[in-house]
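Please read the structure below before turning to the comments.
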Amino acid sequence: MTALREHGWGPVSVTTSCKDLSCAAAVAETAKTLYALILSGRFVQGETYVADVGVSLWRDGTVIATRTEADEEASAQKSGQDDAFVRCGPPGGACTAKTLESKLRLYSAKLVDDESAAVAVKKALELEAAAKAAAAAPPAIATTVPVVLPIPRQDEPHSDVARIAGWSLVIGGGLLLGGAIALWSQNNSATNCHAQGCRSEQRTGRAALATGIGGIVAAGAGVTLLLTSSSSTTVALSVHQSSVFLGGSF
């Protein structure tokens, strides 16, 4: 467990009677972990060696990696450090408890380091694939369509009263729309809350809808009055992907 902590893993210890791979899944579920580390090695009575020395890493119902004395010996030979290898296993091993513990620590560290590196590579590949997919996606095209609608000159005289009424309706419609947004933001919000919970919920959806419709109608009526009350009225309508702008001179 100390070796795992030193290599960035958080070991979890649980009490269990499990002694083989058949119950590794149950142990992992009890400990609420994704991995199980299985250590093996048994002293043989009357002998100086230890049989079955090794460590296995289990995940998702199967052993994904194993480290044994044979792997350690092969690594020592490959690096030219044959003299540093001490055999614990049969037939000629002379193993002490300290030697066995040292081997299990080294094997455990090797397995978790390899798994950490594999996980890091997998995440890097996923990020690279996501970046390539984003780069390959067609860019969003912002479309702007300006439209200017001239209002023909009216023969009858312009009414200042109509202009005042028009602006009043536009301002009133804007206020109603603001109120509708405020009501909508309060929909399904809890009230009279305390430590044991909330006693009621506000249902303001219908009121927000009605207020919003009223604001749109009022603003539309005001714009109509303004358009018909001026002889030099023009309207500009600009349409974007996510917005619509209405402007003009009255």
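The values are calculated or read from the model by the stated rules, or taken from the named source; none is laboratory data. These numbers were taken from a predicted model, which means no experiment stands behind them. Neighbour counts run over all protein chains shown; Cβ positions are idealised from the backbone, glycine included. The area values use the complete protein model at the heavy-atom level, side chains included, leaving out ligands, DNA and RNA. Shrake-Rupley method; radii C 1.70, N 1.55, O 1.52, S 1.80 Å.
For this structure, a couple of remarks:
- Test for Leu125: is it part of a strand (DSSP E or B) and either hydrophobic (A, V, I, L, M, F, W, C) or free of Cβ contacts under 8 Å to residues at least 12 places away in the same chain (or both): no
- Test result for Arg5, surrounded by fewer than 14 Cβ atoms within 10 Å (Cβ to Cβ), assigned to a strand (DSSP E or B) and of a type in the set (Lys, Arg): no
- Selection from region 8-20 of residues that are surrounded by 14 or more Cβ atoms within 10 Å (Cβ to Cβ) and more than 28 Å from the chain's Cα centre (by Cα): Cys18
- Just one of the listed residues (Lys98, Lys110, Lys123) is at pLDDT 90 or above, under 21 Å from Met1 (Cα atoms) and open to solvent by 100 Å² or more (accessible area, probe 1.4 Å), namely Lys98.
- Members of region 51-72 that are β-branched (Val, Ile, Thr) and without any contact (Cβ under 8 Å) to a residue 12 or more places away in the chain: Thr62
- Checked against (1) at pLDDT below 75; (2) surrounded by 12 or more Cβ atoms within 10 Å (Cβ to Cβ); (3) within 25 Å of Val223 (Cα to Cα), Val147 meets all criteria but (2).
- When Thr33, Thr48 are screened for being open to solvent by 70 Å² or more (accessible area, probe 1.4 Å), touching a residue at least 12 places away in the same chain (Cβ under 8 Å) and in a loop (DSSP other than H, G, I, E, B), only Thr48 passes.
- Residue pairs meeting the criteria (Cβ under 8 Å; at least 6 apart or on separate chains; first outside any loop (DSSP other than H, G, I, E, B), in region 79-99; second open to solvent by 40 Å² or more (accessible area, probe 1.4 Å)): Thr99/Val86
- Any hit, region 65-77, residues being outside any helix (DSSP H, G or I), modelled with pLDDT of 85 or more, surrounded by fewer than 16 Cβ atoms within 10 Å (Cβ to Cβ) and more than 42 Å from the chain's Cα centre (by Cα): no
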